[in-house]
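The values are calculated or read from the model by the stated rules, or taken from the named source; none is laboratory data. Owing to the predicted nature of the structure, the values given are computational and were not obtained by experimental measurement. Heads up, the Cβs are rebuilt from the backbone with ideal geometry, glycines too, and the neighbour counts pull from every protein chain shown. Note: areas computed on protein heavy atoms with side chains; ligands, DNA, RNA excluded. Shrake-Rupley method; radii C 1.70, N 1.55, O 1.52, S 1.80 Å.
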Amino acid sequence: MHSKKVSELNRVVDASIEVVNDLKSKIEIIKTALKQTPKAPQKLVDDANLIADKSRDIFKLLVDDETLSKRNEPTPPTIAGRLGEVTWGMWQTTSAPTNTYKENYRIASEEFKPLLNQLKQILEIDLKNLENEMDNLNAPWTPGRVPDWKE
């Protein structure tokens with residue numbers, strides 16, 4: 001393990017956190033648009049809620065289980081927390097990484113792989129399908145959807 005690997009995983013994890021945050025906002029806008037769409041079936045609202053639930057679960061594993069931490073309950077180490085510990089510990093040292101840092105990196109890396117795949121599934125399939133259905137119903141515009149117009 002060297003600093004370039006840690007830095008790259010940090011970069012991708014940070015970007016994923018931002019994607020999840022953006023997705024949270026986008027889903028709220030989508031739910032509002034669905035409420036304003038007269039022919040929108042409940043299934044689309046359910047799909048939007050499922051995407052919100054999945055993204056919330058990913059966020060908990062990446063950053064924090066806010067529900068527990070707000071009540072001062074112990075929370076398991078998160079991916080970002082593990083990486084933060086490694087980054088902080090290696091910041092101003094020329095020594096080789098400790099076994100603890102190596103183990104934290106390994107665990108963070110292994111835990112992150114399936115989360116990244118889940119996030120891609122949500123964005124590239126689940127969200128796209130939902131937005132396509134919204135287009136078919138002429139739902140109000142939502143961020144990221146390019147309107148379709150036929151003369």
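I need every pair where a residue in region 17-46 that is under 12 Å from P140 (Cα atoms) and open to solvent by 60 Å² or more (accessible area, probe 1.4 Å) has its Cβ under 9 Å from the Cβ of a residue that is of a type in the set (A, V, I, L, M, F, W, C) and part of a helix (DSSP H, G or I), sequence separation at least 6 or different chains.
Pairs found: K35/V45.
The conditions are (1) surrounded by fewer than 18 Cβ atoms within 10 Å (Cβ to Cβ); (2) over 30 Å from K5 (Cβ atoms), and N117 fails exactly one of them. Which is it?
N117 satisfies every listed condition except (2).
Output the helices (runs of 4 or more DSSP H) that fall wholly within region 1-86 and possess 3 or more residues being modelled with pLDDT of 95 or more, or say none.
On the way: elements: 3-35, 42-62, 66-70.
The qualifying helices (runs of 4 or more DSSP H) are 3-35, 42-62.
Could you tell me whether region 134-141 includes any residue that is surrounded by 11 or more Cβ atoms within 10 Å (Cβ to Cβ), acidic (D, E) and touching a residue at least 24 places away in the same chain (Cβ under 8 Å)? Before you say what the answer is, go through the steps one by one.
Here is the first cut: in region 134-141, the ones surrounded by 11 or more Cβ atoms within 10 Å (Cβ to Cβ) are 134-135, 137-141.
Those still in the list that are acidic (D, E) too: 135.
Then drop every residue that is not touching a residue at least 24 places away in the same chain (Cβ under 8 Å), which leaves none.
No, that holds for no residue.
Answer yes or no as to whether D64 is acidic (D, E) and open to solvent by 70 Å² or more (accessible area, probe 1.4 Å).
Numbers: acidic (D, E): yes; open to solvent by 70 Å² or more (accessible area, probe 1.4 Å): no.
No: the conditions fail for D64.
Only one of (1) closer than 28 Å to K4 by Cβ; (2) more than 21 Å from the chain's Cα centre (by Cα); (3) acidic (D, E) fails for E73. Which number is that?
So the condition that E73 fails would be (1).
Are any of the residues in region 97-112 open to solvent by less than 80 Å² (accessible area, probe 1.4 Å), more than 30 Å from T32 (Cβ to Cβ) and in a loop (DSSP other than H, G, I, E, B)?
Yes, region 97-112 contains at least one residue that is open to solvent by less than 80 Å² (accessible area, probe 1.4 Å), more than 30 Å from T32 (Cβ to Cβ) and in a loop (DSSP other than H, G, I, E, B).
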